[in-house]
Structure formats: C-alpha cells, structure tokens
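Below: one structure, written as structure tokens.
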Amino acid sequence: QLQASGGGLVQAGGSLRLSCATSGRSIFSSYAQGWFRQAPGKEREFVAAISWSGGTAYYADSVKGRFTISRDNTKDTVYLRMNGLKSEDTAVYYCAAGSVGRGRYSEPVDYDYWGQGTQVTVSS
C-alpha cells in the first residue's frame, strides 16, 4: 500500500528526492506520514514526519536544515527532499503512515503502514 522510490547512489554533498506513493485504501489524506531509515547494524531511526494536513513537519536533529518533507494529497504521495547528503545518511529509507498520537511522530510503533524501503548510498 506504500511504495517508496527515488533512492540511489550519490556523492557526498549531492541531493536526492524520495517519493512514497499510496495505493489501495484511501488512508493517505487522514494519516500522518513519516520517513525512517535503518543503516546496517543499527536500529531504525526517525528522519522526518508530516501531519495529515501537511501543515506541520518534524525532523530529526541530524537532518534538520538539509531535508524537507512534503506531501501532495491530490497525488497521494509524500516526498523527502534530501540536500547536502553525508556518508552517515547511507541507509535504507522507509516511509510509513498512521494515526500518530500527538507528540509521537518519531515513534515507529505509532505507524500502521510501512513501505518496502529504498536504498540511499552516499559515497564520500
């Protein structure tokens, strides 16, 4: 139901835009959506999230100022624009959607639906 795309290999300092398209149930417009990432040997970590209306965005400190999350409810798609990529951004990126509780946008357990992940590799 969630399909992530846009990953790839990029040099440090470069940019990528990830997309997460929703299909099937019309859950997109009423759910918050987020991006998480998981590097080899590490736990899944929060990257960014956006409220159901798109009016509020949340970011991990490690990506603040470099990444921008946005959504287009007319296209059932959420985006993650990543600028100034660093080698430490290398990970599999997952999109997620759910009825996230107030103040819990960084909590994976609050998300009900997950995409399959897209690999982002940043070479130094």
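Net length available on complete extension from residue 23 to residue 39 is 3.1 nm, with 0.36 nm assigned per residue and the Cα-Cα distance removed. Loop-located trypsin sites (Lys or Arg not before Pro) in the range 1-103 (DSSP state other than H, G, I, E, B) with a sparse environment of at most 12 neighbouring Cβ atoms within 10 Å: 25, 42, 64, 75, 102.
For the range 17-61, a crude dipole built from +1 on the beta carbon of Lys and Arg and -1 on the beta carbon of Asp and Glu, taken about the Cα centre, is about 160 debye to the nearest 20. Between residue 99 and residue 64, full extension at 0.36 nm per residue minus the direct alpha carbon distance yields a gain of 10.3 nm. Accessible surface area normalised per residue over the chain is 51 Å², counting heavy atoms of protein chains with a 1.4 Å rolling probe.
Using the Cβ-Cβ distance between residue 87 and residue 5 with R0 set to 22 Å, the FRET efficiency works out to roughly 0.50.
The values are calculated or read from the model by the stated rules, or taken from the named source; none is laboratory data. Just so it is clear, the model here is predicted, and its values are computed rather than measured. Virtual Cβ from ideal backbone geometry, glycine too; neighbours counted across all protein chains shown. Quick note on the areas: whole protein, heavy atoms, side chains included, nothing else; ligands and nucleic acids left out. Shrake-Rupley method; radii C 1.70, N 1.55, O 1.52, S 1.80 Å.
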